[in-house]
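Read through the structure below, which is laid out as structure tokens, and then see the notes.
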Amino acid sequence: MDGMSGSHVIRGSVSLPEAELMWRFSRSSGPGGQHVNTSDSKVELSFDLAKTEALPEVWKQRALERLAGRLVDGVVTVRSSEHRSQWRNREAAAVRLTALLAEATAPPPKPRKPTRIPRGINERRLRQKKQRSETKQGRSARNWV
């Protein structure tokens, strides 16, 4: 990422405009010593997926379906507090959001076309199975008398 200004590319030429991102900062838990008590390093990044015009309509519908469990009134939110610095947490949250949207807007995978098992492989498997069965039959107690 070239810094925080500008937009965040999802895929191809489609990107999230900075104007549509809503940032919220709060105090983060975890390491940091005395500094952690005074700085707002935890970052929450929200993006209104339902109202955005930045995404093509097909992508938007796909993302709304796939992220339905994460959305609150059409808004997707990601949090980042793993770094001590607010700047690094902002970058991490932006990367996380773009990755989430890239995955959610990806086209569905092509359906798998089932392949036939070659007859030779099936016959070999059955032959080995029969041979193993005969070996075990030969070990049974009735043949030892």
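Consider Lys113 carefully, then state whether it is more than 15 Å from the chain's Cα centre (by Cα) and assigned to a loop (DSSP other than H, G, I, E, B).
Yes.
Taking Leu126, is it hydrophobic (A, V, I, L, M, F, W, C), out of contact with any Asp or Glu (no Cβ under 9 Å at 6 or more places or on another chain) and surrounded by 15 or more Cβ atoms within 10 Å (Cβ to Cβ)?
Here the answer is no, as Leu126 does not meet what is asked.
Matching residues to (1) touching a helix residue (DSSP H, G or I) at 6+ places or on another chain (Cβ under 8 Å); (2) loosely packed, with under 10 Cβ neighbours inside 10 Å; (3) not charged (D, E, K, R):
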| site | (1), (2), (3) |
| --- | --- |
| Trp87 | no, no, yes |
| Arg96 | no, no, no |
| Pro111 | no, yes, yes |
| Arg119 | no, yes, no |
| Asn122 | no, no, yes |
| Ser133 | no, no, yes |
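Please enumerate the residues belonging to the stretch 1-20 that are of a type in the set (A, V, I, L, M, F, W, C), open to solvent by less than 70 Å² (accessible area, probe 1.4 Å) and at pLDDT 70 or above.
If the condition is that a residue be of a type in the set (A, V, I, L, M, F, W, C), open to solvent by less than 70 Å² (accessible area, probe 1.4 Å) and at pLDDT 70 or above, then Ile10, Val14, Leu16 are the ones that fit.
I want to confirm something. Restricting to the stretch 21-40 and keeping residues that are modelled with pLDDT of 80 or more and either open to solvent by less than 60 Å² (accessible area, probe 1.4 Å) or in contact with a Pro (Cβ under 8 Å, 6 or more places away or on another chain) (or both), which single residue is farthest from Val95 (Cα to Cα)?
Ser26
Exactly one of (1) over 23 Å from Ser15 (Cβ atoms); (2) touching a residue at least 12 places away in the same chain (Cβ under 8 Å); (3) among the acidic types (Asp, Glu) is unmet by Glu44. Its number?
Against the list (1) over 23 Å from Ser15 (Cβ atoms); (2) touching a residue at least 12 places away in the same chain (Cβ under 8 Å); (3) among the acidic types (Asp, Glu), Glu44 comes up short only on (1).
Could you say whether any residue in the stretch 75-84 is in contact with a Leu (Cβ under 9 Å, 6 or more places away or on another chain) and open to solvent by 100 Å² or more (accessible area, probe 1.4 Å)?
yes
Would you mind finding the one in Ala68, Ala50 that is open to solvent by 40 Å² or more (accessible area, probe 1.4 Å), among the aliphatic types (A, V, I, L, M), within 22 Å of Glu103 (Cα to Cα) and at pLDDT below 85?
Result: Ala50 is the single residue among Ala68, Ala50 that is open to solvent by 40 Å² or more (accessible area, probe 1.4 Å), among the aliphatic types (A, V, I, L, M), within 22 Å of Glu103 (Cα to Cα) and at pLDDT below 85.
From the list Glu44, Glu103, pick out the single residue that is open to solvent by less than 70 Å² (accessible area, probe 1.4 Å) and acidic (Asp, Glu).
Glu44
The values are calculated or read from the model by the stated rules, or taken from the named source; none is laboratory data. None of the values given here were measured: they were computed from a predicted structure. Cβ coordinates were reconstructed from backbone atoms using ideal geometry, including for glycine residues, and neighbour counts include every protein chain displayed. For accessibility, only protein heavy atoms count, side chains too; no ligands or nucleic acids. Shrake-Rupley method; radii C 1.70, N 1.55, O 1.52, S 1.80 Å.
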